[in-house]
Amino acid sequence: MESADREQILRLIAESDAALVGAVAGVSDEDARRRPEPGRWSVLECVEHVILGDDAMFARVSAHSTPDAPPGERLEELILRGMTNRERKFAAPELARPTGRFSSLPEAIEVFRQRRARSVAYVEQYQEDPRNRTTQHPGLGPISCQEMFLALALHPARHALQIREVRKSLGLE
């Protein structure tokens with residue numbers, strides 16, 4: 001991995017992590033469990049989804065990628081521009097849907113931090129050219145590992161925005 005790519009991914013991870021942690025700051029456990037309306041996720045469910053998504057994307061890069069560039073156009077700019085655009089909603093894949101795995105918001109945030117530390121360590125030691133490895137994204141199809149690293153880095157920022165929406169709906173902002 002080129003040093004500029006590594007620096008970009010690590011910077012995006014740090015910024016995205018700070019956005020998520022900032023979005024949940026001051027939310028009580030009781031409020032974290034409240035849904036703004038039926039069919040919308042609570043703050044705690046949003047954090048659980050981020051953790052599940054992180055696990056899935058990490059597995060796709062670390063254990064389920066293959067040598068060779070993916071077919072089709074590069075999606076790096078699309079991911080950079082679109083990942084934090086909340087105007088367009090996506091249904092979460094089954095494996096990333098929250099099911100109440102965490103008993104509290106602090107517990108979920110601690111697990112989030114552990115998962116992100118794992119991802120940071122992996123990016124720091126990654127030696128291959130991630131543009132020459134392909135993996136599968138549930139919504140985008142075959143993508144390069146570089147694109148998956150960007151999605152992994154920005155996913156919490158997207159849901160930090162969602163958490164802000166939930167907080168506003170609940171009257172917490």
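Would segment 76-83 turn up any residue that is in a strand (DSSP E or B), of a type outside the set (D, E) and surrounded by 17 or more Cβ atoms within 10 Å (Cβ to Cβ)?
No.
Which condition does G100 not pass, out of (1) more than 12 Å from V50 (Cα to Cα); (2) of a type in the set (G, A, S); (3) crowded, with 17+ Cβ neighbours inside 10 Å, if it passes all the others?
(3)
Out of E147, E124, E128, E173, I need the residue that is outside any helix (DSSP H, G or I), in contact (Cβ under 8 Å) with a residue 40 or more places away in the chain and among the charged types (D, E, K, R). Which one?
The match here is E128.
Within segment 48-100, can you find the residues that are under 19 Å from C145 (Cα atoms), within 15 Å of the chain's Cα centre (by Cα) and of a type in the set (D, E)?
Within segment 48-100, D54, D55 meet the criteria.
Kindly indicate whether any position in segment 10-20 is closer than 29 Å to L80 by Cβ, touching a residue at least 24 places away in the same chain (Cβ under 8 Å), of a type outside the set (K, R) and not in a helix (DSSP H, G or I).
Taking every residue of segment 10-20 in turn, none turns out to be closer than 29 Å to L80 by Cβ, touching a residue at least 24 places away in the same chain (Cβ under 8 Å), of a type outside the set (K, R) and not in a helix (DSSP H, G or I).
Condition check ((1) more than 17 Å from Q162 (Cβ to Cβ); (2) crowded, with 16+ Cβ neighbours inside 10 Å; (3) in contact with a Pro (Cβ under 9 Å, 6 or more places away or on another chain)) across all residues:
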residue: S3; (1), (2), (3): yes, no, no
residue: Q8; (1), (2), (3): yes, yes, no
residue: D17; (1), (2), (3): no, yes, yes
residue: D31; (1), (2), (3): no, yes, no
residue: R35; (1), (2), (3): no, no, no
residue: R40; (1), (2), (3): no, no, no
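Test T84 against the stated conditions and say whether it is modelled with pLDDT under 90, out of contact with any Gly (no Cβ under 7 Å at 6 or more places or on another chain) and hydroxyl-bearing (S, T, Y).
Yes.
What are the pairs, 6+ residues apart or on separate chains, where a residue within segment 68-81 that is at positive phi and without any contact (Cβ under 8 Å) to a residue 24 or more places away in the chain has its Cβ under 7 Å from a residue that is surrounded by fewer than 14 Cβ atoms within 10 Å (Cβ to Cβ) and not in a helix (DSSP H, G or I)?
Cβ pairs passing all conditions: none.
Report every pair of residues separated by at least 6 positions or lying on different chains whose Cβ atoms are under 9 Å apart, first residue within segment 97-121 and touching a residue at least 60 places away in the same chain (Cβ under 8 Å) and part of a helix (DSSP H, G or I), second among the hydroxyl-bearing types (S, T, Y) and surrounded by fewer than 13 Cβ atoms within 10 Å (Cβ to Cβ).
Short answer, once both residue conditions are applied: L105/S28.
Residue by residue through segment 116-148, note down the ones that are surrounded by 18 or more Cβ atoms within 10 Å (Cβ to Cβ) and under 30 Å from S28 (Cα atoms).
Listed by number, the residues that qualify are R116, S119.
Listed residues E173, E124; which is of a type outside the set (V, I, T) and at pLDDT 95 or above?
Every option except E124 fails the conditions.
How many residues, within segment 67-119, are of a type in the set (A, V, I, L, M) and within 19 Å of T135 (Cβ to Cβ)?
Final tally of qualifying residues: 9.
The values are calculated or read from the model by the stated rules, or taken from the named source; none is laboratory data. Quick caveat: nothing in here was measured; it's all calculated off a predicted structure. Cβ sites come from the backbone with ideal geometry, for glycine too, and all protein chains shown count toward neighbours.
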